[in-house]
Every structure is written in structure tokens, then in C-alpha cells.
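Participant: What follows is a single structure, and I will ask about it in a moment.
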Amino acid sequence: MSRDAVLNKREALKVRSTKPLGLRRYLWRDWLRQRPLVDAYKEVRHQLHLRHLLRLKAPDGDADNVRQEIRSRNVIMTLAFGDALFTDWQARLISKYVPGALHIVADNSPTAKASAAVAEAAASRNVTLFRLPQNPWTGRVPARSHGFALTWIWRNVILPGRPKAFGFVDHDIFPLAPTDPFAMLDNRIAYGARRRDYGCSYIWPGFCFFRFSAVENTPLNFSPSYLNGLETGGMNWHVIYRHLAANQIAWFDLVNEPLTNDPHGPYVQRAGLWIHMSGLSWNTLGVPPAVADQQRETKRRYIESVLAPHIATT
């Protein structure tokens, strides 16, 4: 079987299965290379390392104040990553279109210079910001970096802060009309964009909302699960999603919006009344760096043009 045929078979298994495949998702070539054993070892090692890292303190101490600020509130928590303009756009649009929510920025930027710019943008829009501990996977393994950041926020800010409800959103997703994502939590535990991988349905952590009282005793873990073939947030399939009935989650599907007629070209995503720049890394895999940079710039210009009339009135 050719390499392309193997990859096509794996993709078919990834999206078409109706129940978890477990070890059955591995192909015979994977077993010859002992990949299941390697993945199992990496998963155990990662979780042990994560357990230690979750005890780290935020470097600026502002997380202590955030815990008090979020109590009994509906909280939108943005994970910022080195783009001050995104922070500015998103803060202005959330204030305009989701006025009932408390917006907090958790900074996971890779450099001190980028962090300073993000902090300045947040302060200019009167948005509370705190810096996350140093992330050992930043610039190396994006899924683990993202997963660690979200899990740290859950354990060290959300859980002790006890909001009424909370949501995590990526820094490159923006509301385009008045909306209340927390209304979707009435009589439900969670709301967000569905991912389907190897028979497991779980919420994409770039746009996910939870009713706090329903998950406060759940050991949420936003790490990927490589053994089960699940991306960031995949470990939560084990601890929460597999135990919930279908009507306990308000799912929706992200809709790709191509910017050109090229099926391999750039695209953005629609998440209901929100627009997501999307795929800053994963949808450019295998694309030459110069082409990937050009695609990102094309997407960014398109997002800016879409947001411009909305931002002009803030």
C-alpha cells in the first residue's frame, strides 16, 4: 500500500467511525514500527510532566486578582499568543457584541516583547490580563502548548474562582453580531464546536463554554491524546464527553469558507455568529514556508476587511 493510500485510509477512519477505535485505529505499518507503544509512553510521560507544571505560579501575580473578579460571573477567557492587534480587535468586538460577559485575557505569548504589546492592547480596552507560566511546549508542540495553557487556567484560575459559567476562545475568533453563547448552557453542560476523531466527539477548545456547577468536580484536561488520535482537548473525551448524553451538549459545526477557488488554498471558518481566522499552523502542513506565509497574510487581510465595519463603530 502506498503512503498516500495509508494516509487516506487513516483519514477515513478518523472521520467516519461511529465509535472509538482505540488500538484498532493503528495500521499494520504502525505496529511494525511499535508506534502504539511509543504513543502510550509519550502520553504517560506528558501527563506526569503536566502534573508538575500545573503547580507553577503565574509570573505577574495577577491571576490572584482574576480569581476574585470572575466569581459568579459569565467569563470569556481568551488565550492570547503574541498578536496585540488580535487582542485589540477581539476586546472591542466582545465588548460590543457580548456585553454581558466578563472578558479576561490569559497571555501565552512566546516572548517578553510580544507579551508587553498584548498587555498594552488589553489595558487600552480596559480588559484584565494575566500572564501564564513559562510554557515548555511553545514553539515546539502547539497542541501540548495550548493544552497546558488551558488546563493551567482551569486548575489555577477557573476552579478556585468559581464563575457562573466560563468559555475559552482563541485569540483569532471574533463575534460579528450581538450574541450570548452562555444562553446555550440553559439546561446543558457544555456548548461548542464539535471535533470528530476516530469515533470520539469532543469540543474544539478554541471555542468552548461550560456551566461551572456541572463540571466543578470533573478533572478537566485539555491535553491532546495521541494514543487515541485526539487533538487539543481530546483528553476531555475520557473525563467528561463520553459520559454525557447528546442533549447535554449544544454542538455546532465549524464551516470552512475558502478565499480562493483552490481547494488547497487559504480559508477562514464561520462559527455561528463568529468568524475564525483558523489554521495558523495545522492547515498549512506540507505547504512550503513561503506559500504558508502568503496564505496567512491573505487570511489576515480578509479577516481585517470583514471586521473593519464592525470595529469602526466601537
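Participant: Show the residue pairs meeting these rules: Cβ distance below 7 Å; 6+ apart or different chains; first residue within segment 178-194 and farther than 28 Å from Thr314 by Cα and touching a residue at least 24 places away in the same chain (Cβ under 8 Å); second residue among the acidic types (Asp, Glu) and assigned to a loop (DSSP other than H, G, I, E, B).
Facilitator: Arg194/Asp253
Participant: If you go through segment 103-116 one residue at a time, how many are surrounded by fewer than 20 Cβ atoms within 10 Å (Cβ to Cβ) and touching a helix residue (DSSP H, G or I) at 6+ places or on another chain (Cβ under 7 Å)?
Facilitator: Within segment 103-116, the subset surrounded by fewer than 20 Cβ atoms within 10 Å (Cβ to Cβ) is 110-114, 116.
Now drop any that are not touching a helix residue (DSSP H, G or I) at 6+ places or on another chain (Cβ under 7 Å), which leaves none.
Of the residues in that region, 0 qualify.
Participant: If you don't mind, another one. Helices (runs of 4 or more DSSP H) wholly in segment 3-112 with at least 1 residues that are modelled with pLDDT under 90 - which ones?
Facilitator: Where helices (runs of 4 or more DSSP H) fall fully within segment 3-112 and carry at least 1 residues being modelled with pLDDT under 90, they are 3-16, 28-32, 35-53, 62-69.
Participant: Looking at segment 123-136, which of the residues that are surrounded by 18 or more Cβ atoms within 10 Å (Cβ to Cβ) and among the hydrophobic types (A, V, I, L, M, F, W, C) is farthest from Leu48 (Cα to Cα)?
Facilitator: The selected residue is Val127.
Participant: OK, next. For segment 212-314, please list each of the helices (runs of 4 or more DSSP H) lying entirely inside it that holds at least 1 residues being modelled with pLDDT under 90 and of a type outside the set (Lys, Arg). Give the steps one after another, and end with the answer.
Facilitator: Numbers: elements: 212-215, 235-239, 289-311.
Ranges flagged: 235-239, 289-311.
Participant: Return yes or no: is Phe222 among the hydrophobic types (A, V, I, L, M, F, W, C), touching a helix residue (DSSP H, G or I) at 6+ places or on another chain (Cβ under 6 Å) and under 20 Å from Met77 (Cβ atoms)?
Facilitator: When the stated conditions are applied, Phe222 passes them.
Participant: Name the residues in segment 176-192 that are within 17 Å of Ile275 (Cβ to Cβ) and surrounded by fewer than 22 Cβ atoms within 10 Å (Cβ to Cβ), would you?
Facilitator: Residues satisfying the conditions are Leu176, Ala177, Pro178, Thr179.
The values are calculated or read from the model by the stated rules, or taken from the named source; none is laboratory data. The structure presented is a predicted model; accordingly, all values stated were derived computationally and were not measured. Here the Cβ is made from the backbone with ideal geometry for all residues, glycine too, and neighbour counts use every protein chain on show.
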